[in-house]
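In what follows, a single structure is set out as structure tokens and then discussed.
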Amino acid sequence: MEFTVVEGDVSAQTADALVNAAGTSFRMGSGVAGALRRADRLGCESLAIPALGCGVAGFDLAEGATLVGEAIDAYDPETLATVRFVGYGEEAETIRRAVEPSR
């Protein structure tokens, strides 16, 4: 599965599924794994995901990005071929640095 970090607005991405980061009542990692599983279950080939938990929920961006990246790396897809981890503005570079060690 191809996993890339891109700069932009997740809502402007072209993908079979876009993950909505609204809300604060989820555990880190479970939201990412759940989104990956659901996209697979729906037969999606591409997914765009923001830095879940790192906005309103207040989780540290670098730590959160590391956890999101690890969850993506650990996932064994059925139909997903492409996952884009989307960071808005300068967030994208922080995300790139955070996920680099696992790449």
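Please treat every number below as a calculation from the coordinates, not as lab data. Remember, it's a predicted structure, so these values are computed and weren't measured experimentally. Virtual Cβ from ideal backbone geometry, glycine too; neighbours counted across all protein chains shown.
Under a Cβ-Cβ cut-off of 9 Å, what is the net charge of the residues other than residue 54 that fall near it, where Lys and Arg count +1 and Asp and Glu count -1?
Cβ neighbours under 9 Å give a net charge of -3.
Rounded if a/c is under 1.5, else prolate if a/b beats b/c, else oblate: with a ≥ b ≥ c from the C-alpha gyration tensor eigenvalues square-rooted, which is segment 44-103?
prolate
Just to confirm a number: summing +1 for Lys and Arg and -1 for Asp and Glu over residues other than residue 80 whose beta-carbon lies under 15 angstrom from that of residue 80, what do you get?
-3
Listed highest first by mean packing, meaning other Cβ atoms within 10 Å per residue, what order do 67-76, 37-46 come in?
Ranking, from highest mean packing down: 67-76, 37-46.
With a cut-off of 8 Å between alpha carbons and a minimum separation of six or more residues, what is the relative contact order of the chain in percent?
42
Would you please put 80-86, 60-66 in order of how densely packed they are, using the mean number of other Cβ atoms within 10 angstrom per residue and starting with the highest?
Per-residue Cβ counts within 10 Å, averaged per peptide and sorted highest first, yield 80-86, 60-66.
So, with +1 on the Cβ of K and R and -1 on the Cβ of D and E, and no other charges, what is the size of the charge dipole of the chain about its Cα centre, to the nearest 20 debye?
In debye, rounded to 20, the chain gives about 280.
Whole angstrom only: what separates the Cα centroid of segment 44-86 from the Cα centroid of segment 1-19?
Each part reduced to its Cα centre gives a spacing of 10 Å.
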